[in-house]
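Q: If you scroll down you'll find the structure; I have some questions about it.
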Amino acid sequence: MMGRRPTIVRGSGLVLLGFLIFSTACSASGKAGWSSARHGVRRTVLLGRSVHGRPIVAVELGNPHAAQRVLVVGCVHGDEPAGVPVANALAAQAGPTNTDLWVVPSFNPDGMAARTRGNAHGVDLNRNFPAGWRPIDSRGSVHYSGPGPLSEPESRYAADLIRRIRPTIGIWFHQQMAVIDDSEGPKDVERRFARDVGLPLRTLTRYPGSITGWENTVVRDSAFVVELPAGRLPARAVRRYAGAVRRITGP
Ligand SMILES: [Zn+2]
């Protein structure tokens, strides 16, 4: 499963083409005439399916040749879905000119459907990554780290995507501490993001097997956690968070 190729989703059908289509499409629509292609690329990629078969998709938009690659993930813990509308709002906007923006509304659709922190195996995906992974708790406990690193399909899709696009900035939404984590990741970006959304910076505990901890071993100082407040974000707040991401990506 680690080597599984992503799938391009077009309309209602799934077109099973490999990642090759990315480079093909890029060279066809990219370099030549890029400056006039105001909105760049927009494609939806099926990364894989959850334990219960729900699709896990990413939307790529903007400039696929840009040096800055930003990954935004709306939901990892199924009972912390407030970032999903922010991700959806970003995915619906025109792509940035000088950033390759990747948006994943949720890596844990089964958890969202069941309103559980973990996936359908009861694994906390944010303890399931190779950086410092160790057995934590057991099945049935909310912080269960799974039987081994990347044991879960949802984790493997996230790891595949991160390895493939190597985000220069990764923004991972969680709830419900209402802080921006400054324990890892790009300090200047975290500071500006915190200011733009009006949340304090706080150094959070670095847990073994966390996704952002692992992502920061792939691309140093790239990823950070945004802990949204509890509950649903009002529409105005959704716009504010999406706007803070777009301040990073540029227009
Ligand atoms: Zn969380």
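The values are calculated or read from the model by the stated rules, or taken from the named source; none is laboratory data. Nothing here was measured: the structure is a model prediction, and the numbers come from that model. Quick reminder, even Gly has a Cβ in these numbers, built from the backbone with ideal geometry, and neighbours come from all protein chains shown. Only protein heavy atoms, including side chains, enter the accessible area calculation; ligands, DNA and RNA are left aside. Shrake-Rupley method; radii C 1.70, N 1.55, O 1.52, S 1.80 Å.
Q: If you go through region 182-196 one residue at a time, do you hit one that is in a helix (DSSP H, G or I), more than 19 Å from Val76 (Cα to Cα), in contact with a Leu (Cβ under 8 Å, 6 or more places away or on another chain) and of a type in the set (Gly, Ala, Ser)?
A: yes
Q: Can you tell me which residues in region 206-232 are of a type in the set (S, T, N, Q), over 12 Å from Asn126 (Cβ atoms) and assigned to a loop (DSSP other than H, G, I, E, B)?
A: If the condition is that a residue be of a type in the set (S, T, N, Q), over 12 Å from Asn126 (Cβ atoms) and assigned to a loop (DSSP other than H, G, I, E, B), then Ser222 is the only one that fits.
Q: When the residues of region 153-175 are filtered to those that are in contact with a Ser or Thr (Cβ under 9 Å, 6 or more places away or on another chain) and within 16 Å of the ligand (Cβ to nearest atom), which remaining residue is farthest from Tyr241 (Cα to Cα)?
A: Glu154
Q: Out of (1) within 16 Å of the ligand (Cβ to nearest atom); (2) closer than 22 Å to Val219 by Cβ; (3) among the hydrophobic types (A, V, I, L, M, F, W, C), what's the single condition that is false for Ala82?
A: Ala82 satisfies all of (1) within 16 Å of the ligand (Cβ to nearest atom); (2) closer than 22 Å to Val219 by Cβ; (3) among the hydrophobic types (A, V, I, L, M, F, W, C) except (2).
Q: Among the residues of region 176-191, write down those that are within 13 Å of the ligand (Cβ to nearest atom) and open to solvent by less than 20 Å² (accessible area, probe 1.4 Å).
A: Listed by number, the residues that qualify are Val179, Asp181.
Q: Could you count how many residues in region 192-251 are in contact with a Gly (Cβ under 8 Å, 6 or more places away or on another chain), within 16 Å of the ligand (Cβ to nearest atom) and open to solvent by 60 Å² or more (accessible area, probe 1.4 Å)?
A: Here the count works out to 2.
Q: Please identify the pairs in which a residue from region 67-79 that is at pLDDT 95 or above has its Cβ atom under 7 Å from the Cβ atom of a residue that is open to solvent by 50 Å² or more (accessible area, probe 1.4 Å) and away from the ligand (no atom under 16 Å from the Cβ), counting only partners at least 6 apart or on another chain.
A: Gln68/Asn98; Arg69/Arg166
Q: Among helices (runs of 4 or more DSSP H) lying entirely in region 49-168, which contain 2 or more residues that are open to solvent by less than 10 Å² (accessible area, probe 1.4 Å) and over 21 Å from Pro251 (Cβ atoms)?
A: 109-114, 153-165
Q: Another question, if that's okay. Report whether or not Ala113 is hydrophobic (A, V, I, L, M, F, W, C), more than 16 Å from the ligand (Cβ to nearest atom) and closer than 14 Å to Leu47 by Cβ.
A: Taking the combined requirement at face value, the residue does not satisfy it.
Q: What are the residues in region 67-79 that are of a type in the set (D, E, K, R) and within 10 Å of the ligand (Cβ to nearest atom), if any?
A: Asp79
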